[in-house]
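Working notes, structure below.
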Amino acid sequence: MYRPADASAVLNALEHPTVTSIADKYGKTPAQVVLRWQIEHGVVAIPKSVKPHRIAENIDIFDFKLTAAEVASVDALDTGVRGGPDPEAINLATYPKKVEND
């Protein structure tokens, strides 16, 4: 999820037509396409789910590969807008969490 400058833009990459069309092509979910895209980039993907069917889907990404053009089309979705807080802004004043060391 991100907050695009264009208010009419798709907010969730899993709903973007680029991702959903690739998912349809391979008979996969959009989340599987994004996980595969991360693998294609050599990124270690750490998906999280407590639902057995989603856990199974998360591992079922090794029976297809994205083409170079598909990887590039997902790459092109990057707007440069962060989906989370700026790491430079995280400090004890903005995120007052104390971690106990045992």
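The values are calculated or read from the model by the stated rules, or taken from the named source; none is laboratory data. On a predicted model such as this, the values are computed, not experimentally measured, just so you know. Here the Cβ positions follow ideal geometry from the backbone for every residue, glycine too, while neighbour counts run over all protein chains shown.
Computed values, structure above
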| read-out | value |
| --- | --- |
| Selection from region 64-81 of residues that are surrounded by 10 or more Cβ atoms within 10 Å (Cβ to Cβ) and either part of a loop (DSSP other than H, G, I, E, B) or out of contact with any Ser or Thr (no Cβ under 6 Å at 6 or more places or on another chain) (or both) | F64, K65, L66, T67, E70, V71, A72, V74, D75, L77, T79, V81 |
| Condition broken by T79, with the remaining ones in (1) at pLDDT 90 or above; (2) under 14 Å from the mean Cα position of the chain (by Cα) satisfied | (1) |
| Evaluation of D86 against (1) touching a residue at least 40 places away in the same chain (Cβ under 8 Å); (2) of a type in the set (D, E); (3) loosely packed, with under 10 Cβ neighbours inside 10 Å (one fails), failing number | (1) |
| Residue satisfying all of: in region 47-86; touching a helix residue (DSSP H, G or I) at 6+ places or on another chain (Cβ under 8 Å) and small (G, A, S); farthest from K25 (Cα to Cα) among these | S49 |
| Enumeration of residues in region 54-63 that are of a type in the set (A, V, I, L, M, F, W, C) and over 17 Å from G42 (Cβ atoms) | I55, A56, I59 |
| Total residues in region 61-74, condition without any contact (Cβ under 8 Å) to a residue 24 or more places away in the chain and either in contact with a strand residue (DSSP E or B) (Cβ under 8 Å, 6 or more places away or on another chain) or under 23 Å from L11 (Cα atoms) (or both) | 2 |
